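Reading through the structure tokens given below for one structure.
What follows draws every value from the coordinates through simple rules; no lab data is involved. From a predicted model like this one, the values you see are computed outputs, not experimental measurements. A quick note on method: Cβ atoms are made from the backbone with ideal geometry, for glycine too, and the neighbour counts reach across all protein chains shown.
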Amino acid sequence: MVIDDGILPSVHAALADIPDPELPCSIVDLGLVEAVTVDEDGHVDITLLPTFTGCPALDMIANDVTRLVGNLDAVESCRVHWVFDPPWSTDRITEAGRTLLKAHGVTVPTCGGEPASRGVEFRTTAIACPWCGSHETRLDSPFGPTRCRTIQYCESCKNTFEDMKRLDHEDEASSPGAG
Amino acid sequence: MTAMQDMMKDPDVNLVLSLADDLLMLGHVQGDWTGLGPILEEDIASSSMAQDDLSHALVLYEHLGNRFGLDPDVIAYERDVADYRCCDLVTMPDEFDWSVAFVRRWMVAHWADPVLDRLAMGGKDLEDRCRRLRAEQGVHLSYLDDWMRRLGAGPAEARERIQAALDRITPLAGMLMEIPGRDLDVDEDFCCGREELFNEWVTAMDAVLSGAGFIMDITLPARDVIGGRRGEHAEHFIQQHAEMNEVRCEDPGAAW
């Protein structure tokens, strides 16, 4: 397979502009893009990782990617593949993504941090509130507005915020791919 | 022979379908609680877990679909009733008794964990899928175990109702252990030992129950039990299946 350096940067740029339908950050910053390949005829294959398998936004993301990348000059066709290996992990969220999410009241566990499951409590160490910075926070509900988030409550500023769920297999997950 | 017939004749398919069909039907049945949960957070949790169960079933149907050249929706909806491998525990009416719905869900979540572990031995594609599903079901397990402990530490009504639900469901929970295929030895081999699977499942449940002060008296049923997993379904499965298929029958290919 021949990698066409002429198309690849524009494909990456297009991907970086595609927002996640349910989070205030791009699918690249969320760590969804695992691999991008382009052949000499301009056929693009994009490998994406689903966050949570029950996420209803997956079809929408795949449609956005095929449409926006497919519309680029010199792109003949664009196909999206969802794979489970490596499993998506909160560790794949970029620094830029973390900053954007925090500004919208969504915290992200530190890389290599505690998993959300296999414990009576979810994330037993207190999370710093994204609004006021206090550590006097507690889990309000392990199931939030989407599959990938819990709802937390800050006793200090009396606001709720959301925390991205880190699953317990993620210590084995690889770091973000080259994509 | 059609692709569907090919699939149903493959002995490896039975255990995959057992869990996929359990999750499909439980997700459908548990969906009846959406809007009716005892408190808002519980309503969201229950609906979220039901949504997860349906998508986990889909991930397993997709695996089979890729292998046999079938649309996963066709596998989910268009089999003959006798080709569904779920056990009838998952469609048993809970009569909107939350304690019954809760205890059943807790038992099935505990069941899914070791079964996904076994299914992950079925090749690379299944391994990748089951690893992810096991991690996601792990969130359900944490949540449900936590609730079980809280209910055990709760007032008398909570303890009595949960114990009553355990007493009612435990005799039926053995249905989960039914060997799904027609060939008892082949299917038992694929489970990597039915007794081992049973012990793993029960030990994990007992660890939670003993801490919570509840009692469950469960024994491994005979190998030759014939029920839902071998296509002999109860009336309530047939009703739930018909309800689930209503829109698809009315308007094939409907999308929104």
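Take the Cβ-Cβ distance between A:LYS102 and B:GLU195 as r, set R0 to 41 Å, and report the resulting FRET efficiency rounded to the nearest 0.05.
The value I calculate is 0.25.
At 0.36 nm per residue, and after removing the present C-alpha to C-alpha distance, how many nm does the segment from B:PHE96 to B:GLU243 gain when stretched out fully? Intermediate values should be presented prior to the final figure.
Numbers: separation 147, 0.36 × 147 = 52.92 nm, distance 1.73 nm.
Stretched out fully, the B:PHE96 to B:GLU243 stretch lengthens by 51.2 nm.
Angle check, please: helix B:40-68 long axis (alpha carbons) against the longest principal axis of chain B (alpha carbons), in degrees 0 to 90, nearest 10.
20
Could you give the nm distance between label points at A:HIS43 and A:GLU95, where each point is 7 Å from its Cα heading toward the beta carbon?
3.9
What nm distance separates the two modelled labels at A:SER10 and A:GLU76, each placed 7 Å from Cα along Cα→Cβ?
Label-label distance for A:SER10 and A:GLU76, simple model: 1.5 nm.
Could you check what % of the DSSP bridge pairs in the protein assembly as shown are antiparallel, to the nearest 5?
On the way: 15 of 23 bridges.
So the antiparallel bridges amount to about 65 percent of the total.
Strictly greater than 17 Å: what percent of every Cα pair in region A:8-82 meets that? If you can, show how the numbers build up before the last one.
Numbers: 978 of 2775 pairs.
Result: 35 percent of Cα pairs exceed 17 Å.
Among B:MET8, B:MET177, which comes first, then next, by fewest other beta-carbon atoms within 10 Å?
Working: B:MET8 20, B:MET177 23.
In increasing order of surrounding Cβ atoms, one gets B:MET8, B:MET177.
How would the protein assembly as shown be classified by its alpha-carbon gyration tensor: rounded, prolate or oblate, with rounded meaning a/c under 1.5 and the a/b versus b/c comparison settling the rest? Please report the intermediate quantities before stating the final value.
Numbers: a/c = 1.96, a/b = 1.22, b/c = 1.61.
Because a/c hits 1.5 or more and a/b fails to exceed b/c, the protein assembly as shown counts as oblate.
How big is region B:1-146 along each principal axis, measuring the range of its Cα positions in Å and listing the largest first?
49, 29, 20
Per residue, how big is the convex hull around the C-alpha atoms of chain B? Give it to me in cubic angstrom, could you? List each step's numbers first, then the result.
Numbers: hull volume 32.1 nm³, N = 256.
Per-residue hull volume (Cα only) is 125 Å³.
Say a paramagnetic label sat at a point 7 Å from the Cα of B:ARG168, along Cα to Cβ; which residues of region B:34-52 have their backbone N under 20 Å from it?
B:34-39, B:43, B:46-47
Treating region B:41-83 as a set of equal point scatterers at the Cα positions, no solvent, please give the Debye-formula log₁₀ I(q)/I(0) at q = 0.15 Å⁻¹.
So the normalised log intensities work out to -0.46.
What is the packing order of peptides B:21-27, B:103-109, taking the mean over residues of other C-beta atoms within 10 Å and listing the highest first? Can you show the working numbers first?
Working: B:21-27: 26.0, B:103-109: 23.7.
Peptide ranking by packing, descending: B:21-27, B:103-109.
What's the exposure ranking of A:THR99, B:THR2, going from fewest to most Cβ atoms within 10 Å? Before the final figure, lay out the partial values.
Working: A:THR99 12, B:THR2 9.
Neighbour counts put them in this order, fewest first: B:THR2, A:THR99.
If each of A:CYS132 and A:ASP85 carries a label point 7 Å out from its Cα toward its Cβ, how far apart are those two points in nm?
Simple spin-label model gives 4.8 nm for this pair.
In which sequence would A:ASP163, B:ASP128 go, from the one with the fewest C-beta neighbours within 10 Å to the one with the most?
Values: A:ASP163 26, B:ASP128 18.
The most exposed by this proxy come first: B:ASP128, A:ASP163.
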